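A short write-up of the structure that comes next.
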Protein chains: 2
Amino acid sequence: MLTIGKLAKKTGTKVQTIRYYEQIELMPEPGRTEGGQRRYGDAELDRLSFIRHSRQLGFSLDAIRELLDLSDNPDRPCNEADAIARRQLKQVEQRLSRLDALRTELKRMVRECSGGHTSDCRVLEVLRDHSECLTDHQDLND
Amino acid sequence: MLTIGKLAKKTGTKVQTIRYYEQIELMPEPGRTEGGQRRYGDAELDRLSFIRHSRQLGFSLDAIRELLDLSDNPDRPCNEADAIARRQLKQVEQRLSRLDALRTELKRMVRECSGGHTSDCRVLEVLRDHSECLTDHQDLND
DNA sequence: TCTTGACCCTCTAGCTGCTAGAGCATTTAT
DNA sequence: ATAAATGCTCTAGCAGCTAGAGGGTCAAGA
């Protein structure tokens, strides 16, 4: 039987976070000692590890809820879990390409820093210059 | 003179967001009509564009506050702005490498989906299997 | 000039995913 | 028996917005 602190250590989660997961019903209410302290068994350890692992992979708590649900019902078709993973993959790839563009831009900014005063600092200039970024949302009538 | 709605459109910001920026003093209090509606000029348009552009590059509101401060004081040395940009670049690169690892893992999960029932779904199995991820935080005494 | 509809106002509360702190109780080792 | 370490609940806070209620204002057309 594990105290909440030990469970936290074993899973690399914070104590508060575990209680939070209980509150939002991602983790079940555990048993308690006479004095009212939580005690956890292996099932909870597994579940929390699953959650933590999923979080590290960038799944939202809602997605994790779905995944836990699927894994609690082994008769449901696998493609639901697959779909969640695919959705997640798509999001990750989108984030990656955006970040990649940012990196390029930031590198350019840093490379071109004048080294002088802010009045001719390229970093600020790039940020100030919005001539190229008025395309997406710009309504030319206004 | 722009209404808040026009300003929002021109900068691709939501109206509520502009008011929020005013509230946290990232944007100045604008002039008002007799009836109490906000009216904006070019200075505000520029400032908001700067903010928006910086946000798109992933800067935090705090970082943006610093940057705006620098750009208001053209005599300060450029390297402060440079440092902020470098910090940002570092963060972006960290996020990139983490995301890249995630993508690999997710791709593997999706590739190996059994197509059958969740009971032997690789997606769930990978998530459940924490044998490799007990290294960082694991205290072997517990 | 009046009306209408699009816009604007403030205020409060909500979202995600935690995290921190106050003030107190329990557990465990010595 | 005592004291340190850990646990408890409750409330509030963080970033960075977003949404909705319940109303007021503005500008264009009839």
Label zone at residue B:120 (point 7 Å along Cα-to-Cβ), backbone N below 14 Å, region A:66-80: A:75, A:78
Average accessible surface area per residue within the protein assembly as shown, 1.4 Å rolling probe, Å²: 58
FRET efficiency estimate (nearest 0.05) - Cβ-Cβ, residue B:108 to residue A:20, R0 35 angstrom: 0.70
Accessible area (Å², 1.4 Å probe, nearest 10) - residue A:112: 60
Residue A:126 accessible area, assembled protein chains, probe 1.4 Å, Å²: 10
Other-copy label distances relative to residue A:5, 7 angstrom Cα-Cβ extension, nm: 5.9
Interchain or long-range residues, amide H under 5 Å from residue A:117's placed H: B:78
Cα centre as origin, Lys/Arg/Asp/Glu Cβ charges: chain B dipole, Debye: 880
Helix A:42-56 axis, angle to chain A major axis (alpha carbon atoms, nearest 10°): 10
Interface A:B - total buried accessible surface [probe 1.4 Å, Å², rounded to 100]: 5600
Modelled FRET efficiency - R0 41 Å, residue A:1 with residue B:62, Cβ distances, 0.05 increments: 0.40
Set of lysines near residue A:14 by C-alpha distance (under 27 Å), chain-local residues within fewer than 8 positions excluded: A:6, B:90
Cα-based shape type of region B:1-59, given that a ≥ b ≥ c are square roots of the gyration tensor eigenvalues and the cut on a/c is 1.5: prolate
Interface residues, region B:55-83 - accessible area loss of 30 Å² or more versus chain alone, probe 1.4 Å: B:56, B:57, B:71, B:74, B:78, B:81, B:82
Mean shadow area of region B:77-131, taken as a quarter of the surface of its Cα convex hull (nm²): 5.0
Probe 1.4 Å, all protein chains present, accessible-area order of B:64, B:24, largest first: B:24, B:64
Chain A: C-alpha pair distances exceeding 19 Å, %: 68
Where labels lie 7 Å past Cα in the beta-carbon direction, separation of residue A:83 and residue B:93 in nm: 4.1
Over the protein assembly as shown: Rg over Rh, Cα atoms, Kirkwood Rh: 1.09
Heavy-atom accessible surface of the protein assembly as shown: percent carbon and sulfur, 1.4 Å: 45
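The values are calculated or read from the model by the stated rules, or taken from the named source; none is laboratory data. Small disclaimer: the values here were computed from a predicted structure and weren't measured. Methodologically, a virtual Cβ is constructed for each residue, glycine included, from the backbone with ideal geometry; neighbour enumeration extends over all protein chains shown. To get the accessible areas, we keep the full protein, side chains included, count just its heavy atoms, and leave off ligands, DNA and RNA. Shrake-Rupley method; radii C 1.70, N 1.55, O 1.52, S 1.80 Å.
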